[in-house]
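Note sheet for the following structure.
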Amino acid sequence: RYEPTWGSLDARPLPAWFDKAKFGVFIHWGVFSVPSFGSEWFWWYWQKEKREPYVKFMDTNYPPGFSYEDFGPLFTAEFFDPNQWADILKASGAKYVVLTSKHHEGFTLWGSKYSWNWNAVDVGPKRDLVAELATSVRNRTDLHFGLYHSLFEWFNPLFLEDATNAFKTRKFPTSKSLPELYEIVTKYQPEIIWSDGDGNAPDTYWNSTGFLAWLYNDSPVRDTVVTNDRWGAGSICAHGGFYTCSDRYNPGHLLPHKWENCMTIDRSSWGYRRDARLRDYLPIEDLVKQLAETVSCGGNLLMNIGPTHDGRIAVVFEERLRQVGSWLKVNGEAIYGTKPWRAQNDTVTPGVWYTFSPKEGTVNAIFLNWPVSGILELGEPRAKFGETQVKLAGYKELLKWVALGEKGMVVALPQLTPQQMPCQWGWTLQLTDVN
């Protein structure tokens, strides 16, 4: 049994499914999806920081005295079709999904009995959005279902009172935050608890170790649940399950501890923005690059989309997800279930990232640029004449290659028309019998 101490909790082995999965989809959805302007931090930027674009946006478009709470009934979700969402998630090739059950605004996407009249069952959609998506994902896909939960809430009076008391009092976590965590685990049995937002309070204030000890020892998901590292000031990148370290974390080198790169397709926001331009969305080439870099360095990629207030996954997000899925259909063997190789990227040719498939004993070289010459030089593999074989994922014939002394090889790529290409953005060489 795990003790409620970091020493004991950090010694828990990470359930194996998470490292094998490699790729998940993050969904930021809430009342912030109604103004859908600027950022999911809309309420904070408008009311607390009084940033000019936000103040002006409200003055121009809403009557005087309109409060953030007035957005609640406008969060309608009339087009929310959980089956359609599940089908898009499946088509993306993702192996897990993390839904925001509650962001820093405090609005819960389930009918929490600890969030009276500020939840999706009492206000707005009048639906349990968490339950609906969980059911569809479990019925229609093999994805693991996870939930994001913000510890703190920007404007909750109980939290503000505790903060004023330098967190010597604990009214907020005992009456709101912790009961919600127990509630979502017991009710929805998520296999990921993605905690966030410590409000600068220590983990002792949140009693994170007490909750995690229960989660790992006695909860209905004790054997499969995976947690992140955001459990109080100072715990990020130091304690918990996998490390996130910071948003959009992509170190570019191997880390000794399992980590995740959580990033957004929209460069500027996690929630949906009506004011986004096409150039604000990362193109598929960038997403494939992030996936290859992240996995080669031992990480998982958690790619975020923000649905609309009425429950749609905007077509630009759907397209990106389906593009990643079509890429994974061809190159999935170089991603799923792989381990980092002795070299993460190539020393001679930039834009080449390596992974290792232990079952097949294959070294995968994911290259992001197709060379004009049709010749790809690799500085890392040690090829052996008569033993090493080189394949291009999605192409039948074996490729010709020449070794370069002790280390390194030159591979002749097939001459293909664009229609014959196995995929359009990033390709994989599968090398067998390379040292």
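The values are calculated or read from the model by the stated rules, or taken from the named source; none is laboratory data. Remember, it's a predicted structure, so these values are computed and weren't measured experimentally. With ideal geometry, Cβ positions are generated from the backbone for all residues, glycine too; neighbour counts draw on all protein chains shown. Quick note on the areas: whole protein, heavy atoms, side chains included, nothing else; ligands and nucleic acids left out. Shrake-Rupley method; radii C 1.70, N 1.55, O 1.52, S 1.80 Å.
When only alpha carbons are used to place a centre, segment 334-402 and segment 67-120 end up 41 Å from one another.
As a rough guide to protection, the peptides 372-381, 413-422 ranked by mean Cβ packing within 10 Å, highest first, stand as 372-381, 413-422.
Stretching VAL315 away from LEU255 to a fully extended chain increases their span by 18.1 nm, per 0.36 nm per residue minus the current alpha-carbon distance. Spin-label model, LYS329/ARG222: points 7 Å from Cα along the beta carbon direction are separated by 4.3 nm. Selection among ALA21, CYS423, LEU178 by position relative to the dipole of the chain gives CYS423 as farthest towards the positive end (Cβ unit charges, Cα centre).
Please label the shape of segment 1-114 as rounded, prolate or oblate, based on the square roots a ≥ b ≥ c of the eigenvalues of the alpha-carbon gyration tensor (a/c under 1.5 means rounded; beyond that, a/b larger than b/c means prolate, else oblate). Prolate is the answer for segment 1-114, as a/c is 1.5 or above and a/b outweighs b/c.
Net charge dipole, the chain: roughly 600 debye, given to the nearest 20, about the Cα centre with Cβ charges of +1 for Lys and Arg and -1 for Asp and Glu.
Taking trypsin sites (Lys or Arg not before Pro) across segment 65-135, the ones in a DSSP loop with at most 13 further Cβ atoms lying within 10 angstrom of their Cβ are LYS113, LYS126.
Rolled with a 1.4 Å probe across the full set of protein chains, the surface gives SER219 an accessible area near 0 Å².
Net charge in the neighbourhood of PRO73 (other residues with Cβ under 15 Å of its Cβ; Lys, Arg +1, Asp, Glu -1) is -4.
Residues VAL55, VAL123, ordered by accessible area of protein heavy atoms at a 1.4 angstrom probe radius and largest first, appear as VAL55, VAL123.
Residue ranking by accessible heavy-atom surface, 1.4 Å probe, largest first, among ASP247, ASP266, ASP203 comes out as ASP247, ASP203, ASP266.
Extending 7 Å from Cα along the Cβ direction at CYS237 and again at LYS168 yields two label points whose distance is 3.2 nm. Near the amide H of ASN345, within less than 5 Å, lie the amide hydrogens of TYR354, all on another chain or at least 5 residues away, with H placed in the peptide plane. Computed from backbone phi, the HN-Hα couplings of segment 187-201 come to 7, 10, 6, x, 8, 9, 10, 9, 7, 7, x, 7, x, 6, 9 Hz, rounded to whole numbers (Karplus: 6.51 cos²θ - 1.76 cosθ + 1.60, θ = phi - 60°; Gly and Pro given as x). Taking the Cα centre of segment 339-432 as reference, the dipole from Cβ charges on Lys and Arg (+1) and Asp and Glu (-1) amounts to some 200 debye. Within the chain, CYS262, CYS297, CYS423 have no other Cys Cβ under 4.7 Å of their Cβ and so lack a disulfide-compatible partner by this rule. Estimated from helices alone, the mean residue ellipticity of the chain at 222 nm is -7000 deg cm²/dmol (sum of -39500 (n - 2.57) over DSSP H runs with n ≥ 4, per residue).
The distance linking segment 199-223 with segment 261-314 is 29 Å (Cα centroid to Cα centroid, whole angstrom). Extension gain for the segment LYS391 to MET421, taken as residue separation times 0.36 nm less the Cα-Cα distance, is 9.4 nm to one decimal. Amide H contacts for HIS144 (H built 1.01 Å from N in the peptide plane; partners 5 or more residues away or on another chain; cut-off under 5 Å): TYR96, VAL97. Ranking GLY271, SER92, LEU413 by Cα position along the charge dipole of the chain, where only Lys, Arg, Asp and Glu carry charges on their C-beta atoms, puts LEU413 farthest toward the positive end. Angle, helix 284-296 long axis vs. longest principal axis of the chain, Cα atoms, 0 to 90°, nearest 10? Rounded to the nearest ten degrees, it is 80.
Remark on ASN304: its backbone amide H falls under 5 Å from those of PHE26, MET263, THR264, ILE265, a criterion applied only to residues 5 or more positions apart or on other chains, H modelled at 1.01 Å from N.
Each residue of segment 313-330 was assigned a 3J(HN,Hα) from its phi angle through the Karplus expression (A = 6.51, B = -1.76, C = 1.60, θ = phi - 60°), giving 8, 3, 4, 5, 5, 4, 4, 4, 5, 5, 5, 4, x, 5, 5, 5, 4, 8 Hz with x at Gly and Pro. Counting 0.36 nm for each residue step from LEU14 to ASN117 and taking away their Cα separation leaves a gain of 33.4 nm. Counting heavy atoms of the protein chains alone, TRP46 has an accessible area of about 30 Å² for a 1.4 Å probe. Local charge for VAL324 was computed over the other residues whose Cβ lies under 13 Å away, with Lys and Arg +1 and Asp and Glu -1, and equals +3. Taking other residues whose beta carbon is less than 14 angstrom from the beta carbon of SER246, and scoring Lys, Arg as +1 and Asp, Glu as -1, yields -3. Simple spin-label estimate for ASN139 and TRP370 gives 4.2 nm between the two label positions (7 Å along the Cα-to-Cβ direction from each Cα).
Taking every protein chain into account, the 1.4 Å probe leaves LYS20 with about 120 Å² of accessible area, to the nearest ten. The residue list ALA383, GLY199, ILE305 was ranked by how far each Cα lies along the charge dipole of the chain toward its positive end, using unit charges on Cβ atoms, and ALA383 comes out on top. Across THR347, THR169, THR338, the residue with the most accessible area heads the list, and the full order at a 1.4 Å probe is THR347, THR169, THR338.
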